[in-house]
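Enquirer: Quick one: the structure is below, questions incoming.
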Amino acid sequence: MLAYEKMLFNIPAAEHQPEKVREILKNHPEIMFVSLVGLDIGGQNTDEKIPVTRFLEDMEKFLTDGVQTDGSSVVLPIIAELNNAKVDIIPDLSVNWYVDHNFDFIHEPSGLPVGTLRIPSFLVHNDTNEVGSRVILRDAINKIKKDLLTLIKENPYVLEYLPVDSVEDIDEILLTCATELEFWVKTPDEKGDREELSTAQVMKEQYWKRTIGPVRTALEKTLLLLDEYGFEMEMGHKEVGGIKAKLGNSGKYDHIMEQLEIDWKYADAMQAADNEKQVKYIVRDVFRLHGLEVTFRAKPIDGVAGSGEHTHIGVAAKLKTGKVVSLFAPGDMRAEFLNPIGFGALMGLLKNYEVLNPFITSTNDAFNRLKPGYEAPVCIVTSLGHTPAQPSRNRTVLIGLVRDLNNPLSTRFELRSPNPKSNTYLVIATAYMAILDGIRAALEAKKTPAQLLESLSKAYGQDDFYFEKDREYRSEKDVFEEFTPEQRDQLFGKAPRTVWENLCAFQEYPEKIQVLLTDKVMTPIILESFKKATLDQWATELHSRIIPDNMDVLRSYSILHEEHDCADYDIYMWNKVQELRCYIGQDKLDSKSLLSRIKDALDEGECQLASDLQLEMQQKMQELTELYTAYGKNIL
C-alpha cells in the first residue's frame with residue numbers, strides 16, 4: 001500500500017510562485033518530469049515530457065514563455081497549417097496543477113511512483129493568436145461574468161427576485177460546474193452477450209448493486225486516490241449496464257463486464273473541465289493495475305445502455321460579505337421554480353441548442369448513444385417538475401432542472417447529452433454563451449418569473465418574445481412513450497442522426513451562431529477549424545474503421561446448418577442472411593455494395609450522400625444481426 005501522506009498530488013493555484021514551486025519539487029524528488037498540457041480544438045491534449053531538472057533550471061522562462069510545438073502535433077486545421085505551424089504552449093497559473101503518477105515505475109530512493117507534474121496550458125499560434133479549447137472556455141467565462149453584472153445593473157427590477165439588495169453588493173460572479181463520469185469496465189478480451197446484457201439492463205439487475213472482486217477493489221482505491229487529489233468524491237456505484245461477474249477456475253473473477261459511475265464535487269468552470277481530464281487518467285490507471293480495461297466510449301456495446309457524462313451548470317454570486325447565493329433560485333423555493341435569471345438561462349440553452357450540439361455530440365460513437373429509447377436525450381426539451389413544491393427528475397429530457405427545496409444554492413441545470421468523449425471545455429463554453437443570450441433576452445424584456453414560466457410552457461404555434469413559434473420546449477411526460485416519433489419531430493425539432501447532419505446546423509441557424517461569435521469568444525475561423533477537424537475525424541473513422549469492422553462482422557456470419565440435418569426454416573433464414581450480407585458488403589461487376597458506395601461518397605467529398613448511406617448501413621447491419629441471431633437460435 002502506497003504511503004499517500006508522502007506523495008504529492010497537486011500544486012494549488014495559490015502556490016505557483018517560482019520559489020514555492022522549486023521548494024515543493026525539491027522536496028519531492030519522485031516528481032521527475034513536467035508536462036505542459038495544451039488543449040487543441042478537438043479536445044486532445046499535449047503531453048511533452050520535460051525533465052524536472054531542466055524545468056527547475058529556467059522555471060521563470062518556462063512559466064512565461066512555455067514551450068514550442070507545431071501545427072502537426074495539435075488539431076488546429078486551417079489555423080495552424082504545415083506552412084504556418086508555430087504554436088507555443090503557455091502555462092495557466094490560475095488553476096491547480098496535478099501530478100500524474102506512474103505506478104509501474106518506482107523511484108527507488110523514496111519508494112514512491114515516479115510522477116509527472118501536469119500543467120494545464122493555453123495554445124498560442126504565431127506568438128499572438130491564442131487558440132484551442134481552454135482559450136475558448138476562458139473567454140466565455142470572462143464574457144458571462146462581465147456581462148451578467150452589467151445586465152443586473154441595467155435591469156435592477158431583477159433584484160427583487162434575488163437575495164441581493166444592490167448590484168454593488170456583488171463581489172464576483174461564480175460559474176460552478178460538475179460532471180458525472182460513466183464508464184464500462186471489463187476483463188481483457190471479454191465480449192459480453194448483447195442479449196444477456198440487454199436483459200440484465202431491462203431487469204435493472206446491476207443498477208446500484210454491490211460491487212465485488214477486482215471491480216470493487218479498483219473502484220474503492222480509485223475513490224480514495226481521487227480524494228487525495230482534492231476532488232472531494234461524492235460516490236461511486238454500478239450503473240444500469242452489465243452482467244453478473246463470473247468466478248473462473250482460478251478462483252478469481254475473470255469474466256467481468258460492468259458499467260460504473262463516479263461523481264465528485266463541483267468546481268469553477270475551468271477547474272471543473274481540468275478536473276475531469278485528470279480523473280479519467282486516474283480511473284484508467286488504477287483499474288489497469290487490477291487487470292481491468294476501462295472504456296470511456298459513449299456506446300461501446302450496441303443495444304445496451306451507453307455512457308453519458310451529464311454536465312451540471314450553475315451560476316452564483318459571491319457577495320462582499322463573503323456569502324454565496326444562487327442566481328438561479330427563486331426567493332421562495334416552494335412557490336416558484338426559478339427567478340428571471342434562472343428562467344432566462346434555461347431558455348437560452350434550449351433555444352440555441354442546435355448550434356451547441358455539434359460541440360457536444362461530435363463523433364460517430366456519440367450518435368450511437370443518442371437514439372430514441374433508454375434515457376437517451378435526443379429531444380430539445382426540458383422538465384421543471386409538476387409543481388415547485390414537488391421537484392421531479394424526468395430522465396427523458398435534454399436538460400433537467402435540479403433543485404433542493406432546503407438548499408437554494410444547489411439549483412442548477414443538468415445537461416444530459418454529453419458523453420465521456422465530449423470536449424468538456426467546449427461543452428461548458430458554448431453552454432454559458434447560450435445561457436447569457438437567454439438571460440439577456442429575459443432581463444431586457446423585463447419579464448417576471450410567471451411570464452417566463454408561461455413562455456417556457458408555451459404550446460406549439462403560440463407566439464413568444466424569444467422562443468420559436470412552431471416549437472414546444474417543456475414536457476413533464478416521458479417523451480419516448482407518450483409521443484410518436486412524428487410528434488417529437490414536430491414539437492421539439494428533428495434531431496440530427498449523424499455527425500454531418502449535426503454540423504449542418506452552422507449553416508441552417510446563422511442567427512444562433514452569432515451567440516457564439518459575440519465579442520470573438522469564437523470567430524468564424526475557429527468555427528471552420530472545428531468543423532474541418534470534426535468532419536475529417538468522422539470521414540476517416542467511417543472509411544477506415546467502421547466499414548472494415550462491419551466487413552469483419554459480415555465475414556463472421558457464416559453458415560451454421562448441415563444440409564443433411566436442417567429444417568426448411570434454417571435454409572430460408574440463411575438465404576435471407578446471405579442476400580443481406582451480399583447487398584451490404586459484396587461488389588459485383590454491374591453494381592457496388594453499400595459499403596463501397598459509402599467509401600466512394602467519402603472519397604468524392606459528397607458528405608450528404610455519405611451521411612445518408614451511413615444511416616442505411618446502420619439500419620441494414622442491425623437487421624442483419626437480428627436475422628443471424630434468429631437463424632442461429634434454431635440450429636440444434
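Enquirer: Kindly give the semi-axes, whole Å and largest first, of the ellipsoid equivalent to segment 4-129, taking each as the square root of 5 times a Cα gyration tensor eigenvalue.
Expert: For segment 4-129, the semi-axes come out at 28, 15, 12 Å.
Enquirer: Filter the trypsin sites (Lys or Arg not before Pro) in segment 468-500 down to the DSSP loop ones having no more than 14 other Cβ atoms within 10 Å, then list what survives.
Expert: Of the trypsin sites (Lys or Arg not before Pro), the ones in loops of segment 468-500 whose Cβ has at most 14 other Cβ atoms within 10 Å are 469, 477, 494.
Enquirer: Which whole-Hz ³J(HN,Hα) couplings does segment 576-583 yield from phi under the Karplus relation 6.51 cos²θ - 1.76 cosθ + 1.60, θ = phi - 60°, glycine and proline marked x?
Expert: Taking θ as phi minus 60°, the curve returns 5, 4, 5, 4, 6, 4, 5, 4 Hz for segment 576-583.
Enquirer: With a ≥ b ≥ c taken as the square roots of the eigenvalues of the C-alpha gyration tensor of segment 456-546, please select rounded if a/c is under 1.5 and otherwise prolate if a/b is larger than b/c or oblate if it is not? Could you put the intermediate results ahead of the total?
Expert: On the way: a/c = 3.34, a/b = 1.39, b/c = 2.39.
Because a/c hits 1.5 or more and a/b fails to exceed b/c, segment 456-546 counts as oblate.
Enquirer: On to the next question. How far apart, in nm, are the 7 Å Cα→Cβ label points at residue 636 and residue 288?
Expert: Simple spin-label model gives 5.1 nm for this pair.
Enquirer: Further question on the same structure: Please give the length that would be gained between residue 159 and residue 477 if that part of the chain were fully extended, namely 0.36 nm times their separation in residues minus their C-alpha to C-alpha distance (nm, one decimal).
Expert: 111.1 nm
Enquirer: In addition: Taking residue 318 as the anchor, which lysines have their alpha carbon closer than 30 Å to its alpha carbon, excluding any fewer than eight residues away along the same chain?
Expert: 20, 143, 145, 146, 153, 265, 277, 351, 446, 447, 520
Enquirer: Could you check the spin-label model distance between residue 608 and residue 536? Points 7 Å from the Cα along Cα→Cβ, value in nm.
Expert: 2.5 nm
Enquirer: If you don't mind, there's one more thing I want to ask. Once the principal axes of the Cα atoms of the chain are found, what is the range along each, listed largest first in whole angstroms?
Expert: Result, largest extent first: 88, 72, 55 Å.
Enquirer: Let me ask something else about it. What does the extension gain come out to for residue 469 and residue 84, with contour length at 0.36 nm per residue minus their alpha carbon separation?
Expert: Stretched out fully, the residue 469 to residue 84 stretch lengthens by 134.0 nm.
Enquirer: Can you sort 432, 583 from fewest to most other Cβ atoms within 10 Å of each residue's own Cβ?
Expert: 583, 432
Enquirer: Taking θ as phi - 60°, what are the ³J(HN,Hα) couplings along segment 481-488 by the Karplus curve (6.51, -1.76, 1.60), each to the nearest whole Hz, with x for Gly and Pro?
Expert: With the stated coefficients, segment 481-488 comes to 8, 9, 10, 6, x, 5, 5, 4 Hz.
Enquirer: Listing 24, 136 from the residue with the fewest other Cβ atoms within 10 Å to the one with the most, what is the order?
Expert: The order, fewest Cβ neighbours first, is 24, 136.
Enquirer: Quick check: Cα centre of segment 338-386 to Cα centre of segment 410-482, how many Å?
Expert: Between the Cα centre of segment 338-386 and that of segment 410-482, the gap is 8 Å.
Enquirer: If you rank 94, 35 by fewest surrounding Cβ atoms within 10 Å, what's the result?
Expert: Exposure proxy ranking, most exposed first: 94, 35.
Enquirer: Using a Förster distance of 25 Å, how high is the FRET efficiency between residue 615 and residue 237, based on the Cβ-Cβ distance and rounded to 0.05?
Expert: FRET efficiency, residue 615 to residue 237: 0.10.
Enquirer: Another one. Once you sort the root eigenvalues of the Cα gyration tensor of segment 350-404 as a ≥ b ≥ c, which label holds: rounded (a/c under 1.5), prolate (a/b larger than b/c) or oblate (the other case)?
Expert: prolate
Enquirer: Right, something else. Return the lysines within reach of residue 576: Cα separation strictly under 27 angstrom, same-chain partners fewer than 8 residues apart disregarded; answer none if there are no such residues.
Expert: 191, 371, 588, 592, 599, 620, 633
Enquirer: If r is the Cβ-Cβ distance from residue 54 to residue 525 and R0 is 30 Å, what FRET efficiency results, to the nearest 0.05? Working shown, then result.
Expert: Details: r = 35 Å, r/R0 = 1.15.
The computed FRET efficiency comes out at 0.30.
Enquirer: Under a crude label model (7 Å from the Cα following the beta-carbon direction), how far is residue 558 from residue 457 in nanometres?
Expert: 6.3 nm
Enquirer: Further, regarding this structure: Rounded to whole Å and sorted largest first, what semi-axes of the equivalent ellipsoid does the C-alpha gyration tensor of segment 391-499 yield via the square root of 5 times each eigenvalue?
Expert: The three semi-axes for segment 391-499 are 22, 21, 17 Å.
Enquirer: Something else about it: Report the relative contact order of the chain, percent, no decimals, based on alpha-carbon pairs under 8 angstrom and at least 6 residues apart.
Expert: 12 percent
Enquirer: Same structure again: Let me know the shape class of segment 1-40, please: from the alpha-carbon gyration tensor, a ≥ b ≥ c as square roots of the eigenvalues, rounded when a/c is under 1.5, otherwise prolate if a/b is greater than b/c, or oblate.
Expert: Values: a/c = 1.84, a/b = 1.30, b/c = 1.41.
The shape class here is oblate.
Enquirer: Just subtract the alpha-carbon distance of residue 566 and residue 302 from 0.36 nm times their residue separation and send over the number in nm, one decimal.
Expert: 92.0 nm
Read the figures in this text as sums done on the coordinates, not as results from a lab. Because the structure is predicted, anything quoted here is derived from the model rather than measured. Note: ideal-geometry Cβ built from the backbone for every residue, glycine included; neighbour counts use all protein chains shown.
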